[in-house]
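Below: one structure, written as structure tokens.
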């Protein structure tokens with residue numbers, strides 16, 4: 001009976017591509033249509049790991065470049081209520097994490113690593129219904145085997161969108177004392193959707209350092225040019 005219901009429901013409730021909203025072929029695994037998936041995979045960076053200065057040295061793992069297809073995917077997730085987009089892309093990052101040659105020696109330096117998404121303010125979370133960074137982190141966690149701990153960092157002050165700030169100094173001022181961390185005995189891997197100036201990440205790191213928690217690195221879906 002269950003098998004019959006699955007066969008009948010598949011005829012009427014076929015999944016849609018979260019990017020373009022076209023109907024996916026029958027028996028397709030959750031994800032994107034071939035055209036959208038190809039466009040997104042074309043945004044993958046040829047350098048998953050890099051050492052950046054923001055202004056202090058930071059280990060950054062960035063899956064892709066913030067080009068048009070990836071930009072549209074992030075916008076669709078945030079503003080059109082499609083959290084499954086970043087959940088799926090999180091699994092793509094997890095696959096890259098498992099295959100990247102630089103990851104095993106790096107991760108060996110940080111036993112017990114946990115991934116922590118950059119949080120939204122509770123009011124924004126309530127209005128949106130989900131946190132895009134958490135969706136990304138949970139998708140990554142399932143594939144990479146790194147525990148996801150959204151409870152270790154929270155946003156205690158509502159801030160204006162970073163895109164409205166005209167300089168890095170203004171972005172830092174906007175985020176001042178915006179985060180509060182919980183002490184944790186093992187190193188953290190912070191996770192966010194986009195890395196631009198690094199102001200959000202630096203503020204979150206400062207909150208972790210205030211409770212003597214080590215931030216080993218940062219994981220993002222896309223890095224802006």
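Give the value in nm², to one decimal: projected area of the alpha carbon convex hull of the stretch 63-113, averaged over all directions. Walk me through the numbers before you get to the answer.
Details: hull surface 17.7 nm².
Projected area, direction-averaged: 4.4 nm².
As a rough footprinting exposure proxy, the listed residues 70, 58, 24 were ranked by other beta carbons within 10 Å of their own, and the order from fewest upward is 24, 58, 70.
If you take the alpha carbon atoms of the stretch 180-222 and fit the smallest convex hull around them, that volume is 59 Å³ per residue.
Can you tell me the length gained on complete extension of the stretch residue 142 to residue 103, counting 0.36 nm per residue apart and subtracting the Cα distance?
That pair, residue 142 and residue 103, stretches by 12.4 nm at full extension.
For 219, 136, 120, 40, which order do you get if you count the other beta carbons within 10 Å of each Cβ and list the fewest first? Intermediate results must be reported in sequence, preceding the final value.
Numbers: 219 28, 136 34, 120 19, 40 22.
Placing the least packed residue first, the sequence is 120, 40, 219, 136.
Mind giving me the FRET efficiency for residue 56 and residue 176? R0 is 30 Å, r the Cβ-Cβ distance, nearest 0.05 is fine. Step by step, r from the Cβ atoms, then E = 0.95. Remark: the stretch 38-84 projects, on average over all directions, an area of 4.2 nm² (convex hull of Cα atoms).
Work out how much length residue 125 to residue 21 would gain on full extension: take 0.36 nm times their residue separation and subtract the Cα-Cα distance, in nm to one decimal. Could the numbers behind the result be given before it?
On the way: separation 104, 0.36 × 104 = 37.44 nm, distance 2.44 nm.
Result: 35.0 nm gained on full extension.
Using a simple spin-label model with pseudo-atoms 7 Å out from Cα toward Cβ, residue 46 and residue 71 lie 2.2 nm apart. The ellipsoid equivalent to the alpha-carbon distribution of the stretch 32-223 has semi-axes of 23, 21, 16 angstrom, derived from the gyration tensor eigenvalues as √(5λ) and listed largest first.
If the chain between residue 37 and residue 225 were fully stretched, how many nm would it gain, using 0.36 nm times the residue separation less the Cα-Cα distance?
65.5 nm
Since every read-out is calculated from the coordinates, none of them should be taken as a lab result. These numbers come from a predicted model, not from an experiment. Note: ideal-geometry Cβ built from the backbone for every residue, glycine included; neighbour counts use all protein chains shown.
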